[in-house]
Every structure is written in structure tokens, then in C-alpha cells.
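Participant: Below are the C-alpha cells for one structure; questions will follow.
The values are calculated or read from the model by the stated rules, or taken from the named source; none is laboratory data. No experiment lies behind these values; they were computed from the predicted model shown. Note: ideal-geometry Cβ built from the backbone for every residue, glycine included; neighbour counts use all protein chains shown. The protein model used for the area step is the full one, side chains on, heavy atoms only, and it has no ligands, DNA or RNA in it. Shrake-Rupley method; radii C 1.70, N 1.55, O 1.52, S 1.80 Å.
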Amino acid sequence: MEFIKRDEYSGELDYRAFGNMLEHPTQCYKFYWLDAIMNLMLKKRRFSFDEIFDEMIVSAWYTVTQYHLFLGPIIEGQRRDAINRAIDVLVQNTLLNENSKPDEIRSVLKEQNALILEYKKKLAKNVPYKLLSSFSSELTKDKGDAYRIEYIQMLNQEVSLPYIIENGTGIQKMVVLQDVWLPFLMDNYMIIKNWIQYNKIQFLQMINPGVPGIINKLDDERNSVRHLERVRDLWNAHIEVSNKEILDIYTGNKLESSFDVDHFIPWSYVAHDEVWNLVPSNASVNRSKSNNLPEWNLYFNKMASMEYDLYKSVVEYDSIHTLFEKCYAKNLQSLWAVEELYVKGNTEDVFKHKLEAHLHPLYEAARMQGYREWKI
């Protein structure tokens, strides 16, 4: 990582050690700890472990609740990392949910601190110290808080650390950013934030193999731009030429004219708007389905039949094919779909088989990731 280095910075700054802070992670904590410090430093230079842990939980909230990603290794089928478990406890015991706003989460964290205190204590044991271990391997050793705090303060006299730790009770220990590092941290603010995000994505992909679109799963799903208008136009045109009543696949009711375009496998898992995963659905049903998986045995064949009917219109009507071609840029980027699914000559059985061969593994992977199955 190349940082901005100005002549006016102190010559005591160890850029190499700073650049190695995120190396060799075994848990996600390094990324969330440093990212929280970067967020908090915009308002002040001194903050408690507790404040940093709260910011870490807020930062990880949507990744865990909306996208069901694991933040650390799974042991015996269970999430073991402290951030994941703290979020699970808050969802189970408070009114917070996957759509809660950051300020709501911060407010509940302050009111319900006792609920997750054990997980914050777990984080406090090593995370604040090990991030600085690239400046001295002595900090990888668990010799107790008092020793490590004293060692950090002594080391800071020799090599200038980005922060020191002041002793206090439990998670009220204080992180104090060092003045000599502040110009570097501020000038490189966005570079450092992007560096943290890049490394976080790499780690999360390793922990969640096969999960698509990790880069899109660090923020609130509602902030992501959807590209559904051309798919809606395609379905409207198909409905117009089909000369038959189109039914909602979930209820069997007539499809309303103001239908929603539904991701059969939730967007929060697939992180794309591919046409082969999109079906029209009545708005109230789509809201009920929410971020869940439609029960495969009940709904896949109905969904595949509807997709095949659309495919026939694309093949048979030039006007529909023209609208279909307009979907290429945002809604048809999978090579298999272009070369295998939407080609002339597919019978209904062949079309459904090809669709199932690609959709079902995604469905099962999402289910294993923690997505719940749903039926009307």
C-alpha cells in the first residue's frame, strides 16, 4: 500500500510497520478495530475501548444481519467470533433488526451494554494490543493488560506508535492517538479507509467461500442501487403479448399491474439483478417474502415456468427481443445465461434443467449461510 508521505511529517514514523498492521489476520477484529478508530478520530483523539467496540458492532451490523456473512471461522457449526455473537444477542433481546439505523444501534448499545459485556471483554483481551504487533512482536504475547500497556508506553518513546493505551477499569481503558501521527492519518484518511476495506473483503471472502458479491455486503442493503426498470419493461411487454392471465407464483392470484420485480434468491445473497433470478410478484407478497428464500419444492417449478414463458416471447417476438437486448448491460452479465439459457431451440425441460443447475447451488449456499426458507 502506497501512502502519502510529506517532508513535514516526523521522521520517526515507521510507515512499513503501519502498512503491516493488517497482515496475517485470524479473525476480522483488526479491520473493524482500525476502521472504528479512523471513524472516531474525525471527532476526537482519545476514546475508550467501549466506544471503539460500539463502532465495530455498528460497522459490522448489516454484514451480519442482512447478508448473513460470517466474520470469523465457524467451529462445530457455530459462530464463535465476538462481534457476530454480540450482534446475535442484540437482535434476539432488543427491538433492533436488520433495518435498524446506525444511530438506533448506538443508542441501544449504550442502554443495553450489559447484554454484550462478555463479548466486549473478549475483544478487549487482545485486539487493542495485537494491532500494534507489527511495531513489536512482544505485543503478540498475552502477558496481561498492565504489562502490555506499560510496554506500549515505553515502546512509544523509541518508535512512535500511532496510539498508546492508558490504563482504566475493564473496557474503559483509553486509546490515545499520538500527535506525531495525526497529519499522516488525516492526509491518508481515504487511502487508509480503502486499504482497510480491501483487506476486510479479502478476509471475508476467505471465511465465506463461494458467497458472491462480498464487496457489496459491507453496507446497508438499502443503499445499493437496483437496476430493475428494464426488466420491468421486459415483463410488461411479455405480459402484453402473452394474451393470458399471469399469476403470482407465490399466491396463484392474478398479477397486479403495479407488480414488484422480485429476486427469487434474495439480492442480499446474490448481489446482482440478473434477469434469470427475477420474477414479477405482487407487492404485498414481496414484502412478506422479504429477505428469505422461497421454499424450493413449492415455488421453483412455478418460477421456472414463468421464466420459460418469458424466454419464448424473447425468441418469438422481435419487439421483446429488442427490450431483452437492453438488459444486457445490467441484467444479463452471466456468460452461462447468454450462451446456454437464452439461446434458440431450448425446450421447456431443457430450459428448466439449465436454470435449476445454476440456481439450485446458489439457493443451497444461501440456505447454509443462514437464510431462512419461506412460504406463503
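Participant: Which members of the stretch 271-290 meet the condition of being within 16 Å of L355 (Cβ to Cβ) and in a helix (DSSP H, G or I)? Walk me through it before giving the result.
Facilitator: Filtering the stretch 271-290 for residues within 16 Å of L355 (Cβ to Cβ) gives 272, 274-279.
Matches in the stretch 271-290: V275, W276, N277.
Participant: Okay, next question. In the stretch 27-56, what residues are touching a residue at least 24 places away in the same chain (Cβ under 8 Å) and within 17 Å of I201 (Cα to Cα)?
Facilitator: Answer for the stretch 27-56, where residues must be touching a residue at least 24 places away in the same chain (Cβ under 8 Å) and within 17 Å of I201 (Cα to Cα): Q27, C28, Y29, K30, F31, Y32, W33, L34, D35, M56.
Participant: For the stretch 62-95, which residues satisfy the criterion of being without any contact (Cβ under 8 Å) to a residue 12 or more places away in the chain and assigned to a loop (DSSP other than H, G, I, E, B)?
Facilitator: Result: E76, G77, R80.
Participant: Determine which single condition F324 fails, assuming it passes every other condition in (1) surrounded by 16 or more Cβ atoms within 10 Å (Cβ to Cβ); (2) over 21 Å from R222 (Cβ atoms); (3) out of contact with any helix residue (DSSP H, G or I) (no Cβ under 6 Å at 6 or more places or on another chain); (4) touching a residue at least 40 places away in the same chain (Cβ under 8 Å).
Facilitator: Against the list (1) surrounded by 16 or more Cβ atoms within 10 Å (Cβ to Cβ); (2) over 21 Å from R222 (Cβ atoms); (3) out of contact with any helix residue (DSSP H, G or I) (no Cβ under 6 Å at 6 or more places or on another chain); (4) touching a residue at least 40 places away in the same chain (Cβ under 8 Å), F324 comes up short only on (3).
Each row is one residue, and each column tells you yes or no for (1) closer than 26 Å to S224 by Cβ; (2) at pLDDT below 95; (3) in contact with a Phe, Trp or Tyr (Cβ under 9 Å, 6 or more places away or on another chain).
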{"site": "K5", "(1), (2), (3)": "no, yes, yes"}
{"site": "R16", "(1), (2), (3)": "no, yes, no"}
{"site": "K43", "(1), (2), (3)": "no, yes, no"}
{"site": "I52", "(1), (2), (3)": "no, no, yes"}
{"site": "V58", "(1), (2), (3)": "yes, no, no"}
{"site": "F70", "(1), (2), (3)": "yes, yes, no"}
{"site": "E76", "(1), (2), (3)": "no, yes, no"}
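Participant: Does the stretch 96-112 contain at least one residue that is assigned to a loop (DSSP other than H, G, I, E, B) and in contact with a helix residue (DSSP H, G or I) (Cβ under 6 Å, 6 or more places away or on another chain)? It would help to see each step written out before you state the result.
Facilitator: Of the residues in the stretch 96-112, the ones assigned to a loop (DSSP other than H, G, I, E, B) are 96-101, 112.
Still in the running and in contact with a helix residue (DSSP H, G or I) (Cβ under 6 Å, 6 or more places away or on another chain): 96, 98.
There is at least one residue in the stretch 96-112 that is assigned to a loop (DSSP other than H, G, I, E, B) and in contact with a helix residue (DSSP H, G or I) (Cβ under 6 Å, 6 or more places away or on another chain).
This table checks each residue for (1) in contact with a Pro (Cβ under 9 Å, 6 or more places away or on another chain); (2) in a helix (DSSP H, G or I); (3) not basic (K, R).
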position: L123; (1), (2), (3): no, yes, yes
position: P128; (1), (2), (3): no, yes, yes
position: K143; (1), (2), (3): no, no, no
position: Y147; (1), (2), (3): no, yes, yes
position: L161; (1), (2), (3): no, no, yes
position: I164; (1), (2), (3): no, no, yes
position: G168; (1), (2), (3): no, no, yes
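Every residue, every condition in (1) of a type outside the set (V, I, T); (2) at positive phi; (3) open to solvent by less than 60 Å² (accessible area, probe 1.4 Å), yes or no:
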position	(1), (2), (3)
T94	no, no, yes
E118	yes, no, no
K122	yes, no, no
P128	yes, no, yes
T140	no, no, no
M154	yes, no, no
N167	yes, no, no
L177	yes, no, yes
L185	yes, no, yes
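Participant: So, one more: Go through V225, V231 for me and flag whichever is hydrophobic (A, V, I, L, M, F, W, C) and without any contact (Cβ under 8 Å) to a residue 24 or more places away in the chain. Give the derivation first.
Facilitator: Details: V231 fails: without any contact (Cβ under 8 Å) to a residue 24 or more places away in the chain.
That would be V225, the only listed residue that is hydrophobic (A, V, I, L, M, F, W, C) and without any contact (Cβ under 8 Å) to a residue 24 or more places away in the chain.
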